[in-house]
1. Pairs needed: first member in the stretch 116-127, in contact (Cβ under 8 Å) with a residue 40 or more places away in the chain; second member anywhere, crowded, with 18+ Cβ neighbours inside 10 Å and among the hydroxyl-bearing types (Ser, Thr, Tyr); C-beta distance under 8 Å; at least 6 residues apart or different chains.
2. Taking helices (runs of 4 or more DSSP H) that do not extend beyond the stretch 74-178, which have at least 1 residues that are loosely packed, with under 12 Cβ neighbours inside 10 Å, over 13 Å from the mean Cα position of the chain (by Cα) and at pLDDT 90 or above?
3. When you scan the stretch 1-28, how many residues do you find that are at pLDDT 70 or above, farther than 22 Å from His42 by Cα and in a loop (DSSP other than H, G, I, E, B)?
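The values are calculated or read from the model by the stated rules, or taken from the named source; none is laboratory data. A quick note: this is a predicted structure, and the numbers were derived from the prediction, not measured. Backbone-built Cβ (ideal geometry, glycine too); neighbour counts: all protein chains shown.
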Amino acid sequence: MDFLSHRCLEPYQLTLKADAQTVSLYHNEKKVALHRRCWQRHCRIESAAHREQVKKLKKRLWRDRQIAAFASLGAEARTYLSGLLQANVPIKKNVTRILALKNEYGPAAIITAIQKALAFNAYGADYIENILYQEMTPQKHHPPVKLKNEDLNRIVLTEPSLAEYDAHVLKEKGKKDD
């Protein structure tokens, strides 16, 4: 079971101690859970109070302003958020980074990156950033250089060949020599 800190909503380290009758969980030296021991395989033992506490933490998480902004991006974002929760990654840190990427690339690019990440079960801002970088890096389009001589600006090369340009330059040079 994933345990979340009340303050930061991030996973933290627990110590498990067991004897013949009980199983205890400790955070540092403080006991945070005590359950009777079950010797059956794949038996899930949980307290109703713990279930309620997890529900409250998840509700509080969904009320967070950044989480709400991320969830408002659409169904894919909400699915991705659930995946982040299950993947045990720092939720707020990843959502903050993804929202910063949204400001840089735009919401449509973020949704596309989330869809691609979901297809591979890749959860985390690093994956989203990598997808954006690989596939959606803005390309720089440089306009052609404008020269003072309009004849030179009208030269259109069908293939990379400077022969036409050289002929034009030589013709202009011949005019000047006369």
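1. Taking only residues 6 or more apart or on different chains, the pairs are Leu118/Tyr80; Tyr123/Tyr80.
2. In the stretch 74-178, the matching helices (runs of 4 or more DSSP H) lie at 75-86, 107-119.
3. Adding up the residues that qualify gives 2.
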